[in-house]
1. Do we find that residue 225 is in a loop (DSSP other than H, G, I, E, B), at pLDDT 95 or above, within 29 Å of residue 274 (Cβ to Cβ) and small (Gly, Ala, Ser) in this structure?
2. Across the range 564-580, what is the total count of residues that are open to solvent by less than 30 Å² (accessible area, probe 1.4 Å) and modelled with pLDDT under 90?
3. Of everything in the range 259-278, what is crowded, with 19+ Cβ neighbours inside 10 Å and over 22 Å from residue 533 (Cα atoms)? Give them in sequence order.
4. Which residues, taken from the range 296-316, are surrounded by fewer than 23 Cβ atoms within 10 Å (Cβ to Cβ), outside any strand (DSSP E or B) and touching a residue at least 60 places away in the same chain (Cβ under 8 Å)?
5. For residues that are surrounded by 20 or more Cβ atoms within 10 Å (Cβ to Cβ) and in contact with a helix residue (DSSP H, G or I) (Cβ under 7 Å, 6 or more places away or on another chain), tally how many sit in the range 736-747.
6. Applying the selection to the range 539-575, what residues are more than 30 Å from residue 716 (Cα to Cα) and among the aliphatic types (A, V, I, L, M)?
7. When residues of the range 535-594 are filtered for being in a strand (DSSP E or B) and closer than 17 Å to residue 619 by Cβ, how many remain?
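The values are calculated or read from the model by the stated rules, or taken from the named source; none is laboratory data. Since this is a predicted model, take the numbers as computed values, not measurements. A quick note on method: Cβ atoms are made from the backbone with ideal geometry, for glycine too, and the neighbour counts reach across all protein chains shown. Side chains included, ligands, DNA and RNA excluded: accessible areas come from the protein's heavy atoms. Shrake-Rupley method; radii C 1.70, N 1.55, O 1.52, S 1.80 Å.
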Amino acid sequence: MAKLKAVCHFPLLLFLFLFSSFHLSTQLPLSQSQSLLQIQQLLNYPQALSSFNTVTDFCNIESTPFLTIVCYEDNITQLHIVGDVLQHPSSFPLNTSIDSLFSTFSHFPNLKVLSLVSLGLEGPLPPSVANLLSLEILNLSSNSLYGSIPHQLSSSKTLQFINLDGNCFSGNIPGWIGSLPFLTTLSLRNNSFNGSLPDSISHMWSLRILSLSRNSLSGNVPDLSNLTNLQVLELGNNLLGPHFPKLPKRLSVLELKNNRFRSSIPPELGSLYRLEKLDLSSNKLVGPFQASLLGLPSIKYLNIGGNRLTGLLLQNISCNSDLTFANLSSNLLTGDLPACLQELKYKNGDIIYGGNCLSNQDQKQHPLNFCHNEALAVSIRPRNLEHRKLRPEVKTFLRIFGGSVAGVVVLALVFLTMRRTYRIGVVKEPSTRFITENPSVADTAKQLYDAKYISQTMKLGTSIPPYRTFTLDELKEATNNFDVSTLITESLDGQIFKGVFTDGNVVAIRSLTLKRRQTPQTYTHQLELISKLRHIHLISALGHCYEFLPDGLTISKVFLIFEYYPYGTLRSHVSGLQGRKLSWTKRISAAIEMVKGIQFLHTGIVPGVWSNNLKITDILLDQDLHVKISCYNLPIVVEHGGMMISGVSSTGTKGKRHAIGVNDKDKNDVYDIGAILLEVILGRQITSQNEVHVSRDLLQVSLKTDEIARKSIVDPAIHKGCSDDSLKTMMEICVRCLHEKAKDRPSVEDILWNLHFAGQVQDSSREAPASPSPSPSPSPFLQMP
């Protein structure tokens, strides 16, 4: 029985022993307890340390927002003391040396975290702070410390976090700061640091947060592109500039507001797919605004207000659905406020866009010519300023076309615009004139903005649902477990299924079998790119889905989910059955919309999508005869053997499409546009490279003949409804697109302008009084080889 009692009491004895051992293990050495009481005295008995008056077991003091003490194995490892920020900070005694305070902390040999916030600390930061050899986190924010950061701190190789915000530090940020190998956070906001940033910052590989706002820092920012771990960069309210800094790609916060940056926004900014906050306000940034920034995958806050950014905004620009704040005010933007921003405004989002030249007048805007004039002015170099004064008669002449503007360059642009305007007004001008290959940004933007068809097509809007990740179960349910009855087409690299979701939405699901086994991270960038390819004239991606191998880590298939378009192709509407053929005006409209879709692929996202291997069967028409491009170049698909929807290469055009230079990367698609325009004009299928050559030569010869000969070679369905000026314009741009040399082919912008012109002269001819015309007679061009 005694033995049984002994056994029964053993657990209790063990518990008491362990409790006693644990309790003893958290008892501080007397020297550390005395040091805490000395700190209370040196800090003038702040309210945060009032509990020191009633307890002796400091390690077991209950944590509060103002005091936290953490102990481990008889030593203090963390000490957090915060003054009452709602009242005046604790007054640091004038007769107390701040060096004495930091010398006291040296009695805590294992101290890893020291946080002294809003305690009224005043004086230079003493070198003795470097005696804390185990220190990893140092937070001395919201005090009155001044002077420079002591160089002795460079020996603290364990430091990972430094926060000196809200003090009075001055002088240069020391170069030795880059020698701290494990520093992840450097926050020196709201001080008086001056001079340039040290180049050593470029080598702080561990840095995740760099926050230097509200100082007097000046000069250019060092190259930060190699700081692959940097996520937060805050440099606002300084004197930095003029060049825009080179940035790493993993940033989630970028704040450069209220500095002296005067360059353009680099295209690389559009590839910061993790960026949630972007603030470039109150600088003097110039050049085009990248509207694609509104649609960055993670963006929630965007502020470019108070710069000199130019550009034409269109209603169909995409925005991230998570965007809650956008400030575009006080720039030189023209066009229409994107529909996605208007929608956000109606949902009580904060959208500011006054002080531009937009068509939306609910926030005050400048006249259109103000932005055009200012955009030209900011591009003039100082040495040319003496040439800006014009003769009075020239000023009077320029006012007719939009007000007084400055410079010989402006005069040339107005003269060029006059010539085009005159030609548009006089329909019977015998020859078609093309815009220059390299028009200025302002000129091209104005031509597109003023053209009749641009407003009609860009204001159609779109109801594409947000891009998302689908589950494999959703896709199986939508396709009846990928039943053969839902199969649309099949190729070597995968299959395309028709899917119907439970809400009735119909989609096209492309199953892509991967040639190499990879993890999801491998395809993150490519899928982020796909998610941004959303445009009114593209078959847009709705989402993706992964199928994994049994290990749960490796992908075996990628499913891409697209809009489903059951309607006919452009070919079926220009060279198909007679009753379904498009009128000449509708053909021009379809060509314009096709080129707009291609223009978006090239310039609407960064990086652009080039060499899209376009065919007329890839151009789809909806029930209202609006265009959607169904096939374009995506890395994730091309890498595994195909294009987006069709893996078949362009018939017979391959030899001419790829002999291009690095500066002519858009010319492949320009050639394909020409081949499509051939079929639009002639109304018959062109299925080989030889037919492309023969038909191009036929058009080229017909341009030198009369109207009767030209109309004899085109689709008979458009004879009566097609004006000669409009037809000739279409033929000329088509021939130029098919030029043997890539460098001699027109730009996409040039094609778009000429298509608009063809539409305008066609409309003008219909409005003009009808005049008798001779009946068409047989032509030698009717005999095709």
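1. No.
2. 2
3. Residues satisfying the conditions are 259, 261.
4. Answer for the range 296-316, where residues must be surrounded by fewer than 23 Cβ atoms within 10 Å (Cβ to Cβ), outside any strand (DSSP E or B) and touching a residue at least 60 places away in the same chain (Cβ under 8 Å): 297, 315, 316.
5. 5
6. Of everything in the range 539-575, those that are more than 30 Å from residue 716 (Cα to Cα) and among the aliphatic types (A, V, I, L, M) turn out to be 539, 541, 542, 549, 553, 555, 558, 560, 561.
7. 4
Every residue, every condition in (1) assigned to a helix (DSSP H, G or I); (2) open to solvent by less than 30 Å² (accessible area, probe 1.4 Å); (3) modelled with pLDDT under 85; (4) aliphatic (A, V, I, L, M), yes or no:
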| position | (1), (2), (3), (4) |
| --- | --- |
| 355 | no, yes, no, no |
| 361 | no, no, yes, no |
| 366 | no, no, no, no |
| 385 | yes, no, yes, yes |
| 389 | no, no, yes, no |
| 397 | yes, no, yes, no |
